[in-house]
Structure formats: C-alpha cells, structure tokens
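A quick write-up on the structure given underneath.
The values are calculated or read from the model by the stated rules, or taken from the named source; none is laboratory data. The structure displayed is predicted, hence computed values, not measured ones. Because the Cβ atoms are built from the backbone with ideal geometry, glycine has one as well, and the counts that use them run over all protein chains shown.
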Amino acid sequence: MLEERKIKNFISPAIIEEVKRAIPYKRLRFPDDLRAEIIEFIYFYSKVVTPEEKLEVIKEDPADNKFLECAVESKAKYIISGNSHLLKLRTFRRIEILTPNDFLSR
C-alpha cells in the first residue's frame, strides 16, 4: 500500500529511534541483512514530522505518547498499531486507532 501510494505514512524522530532499537530484537525475527532495508523502506515511504505538542495521555507507558503526538501533528485519520496501550484508546482527537487487520478489512 505504501509503494502504491494508497496510504501516507508519517513518522517522527522519536518513532525513527524506536524502530532502530526494535528491529534488532530477536522476537521480530528479521534476518540481519534485512534490517537496513527495512529502515530504508520506512524512511523512503514516510514523511517525517516533528510534533510540537507534547502529550501525556498514556500513563502505563509514556513512551507510547510519541505515536499520538505524530498523528496529531500530521493530522492523521488513523493510527495503525498492535500496541495495547494505543488500542485501548480506540480514538484520540478523532483519529481512529486500529489493528493492521482491522484497517485492512476496511
């Protein structure tokens, strides 16, 4: 969908840093040679925004607020995530928060 430009993806510097930290984890099961390609793909098909508003909505894991901040700054319609803290919100400032499967089924 990103390659075909059917959707737009937005990331922030904080999200980029999390992606760089998360990709090396064994639980994601990405072969070493694909890690750099994944990061390059994300950069290429995403617009980087720098959120101006600092949010403190998710108390259980304050680091997850970076996704809300990015969505607000980019005026996103959706946050697509498997993160339980985000999914519990369901919506935030009219931004729907969906699992990847729920998003694709629409």
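The condition (being of a type in the set (Phe, Trp, Tyr), more than 26 Å from GLU4 (Cα to Cα) and out of contact with any Ser or Thr (no Cβ under 6 Å at 6 or more places or on another chain)) is satisfied by just one residue among PHE30, PHE103, PHE92, PHE41: PHE92. Taken over the range 54-87, the criterion of being among the β-branched types (Val, Ile, Thr) and modelled with pLDDT under 95 is satisfied by no residue. Put simply, of ILE23, ILE42 the only residue that is surrounded by 11 or more Cβ atoms within 10 Å (Cβ to Cβ), under 20 Å from PHE103 (Cα atoms) and modelled with pLDDT under 90 is ILE42.
Reported count of residues in the range 36-63, each being part of a loop (DSSP other than H, G, I, E, B) and under 27 Å from LYS88 (Cβ atoms), is 13.
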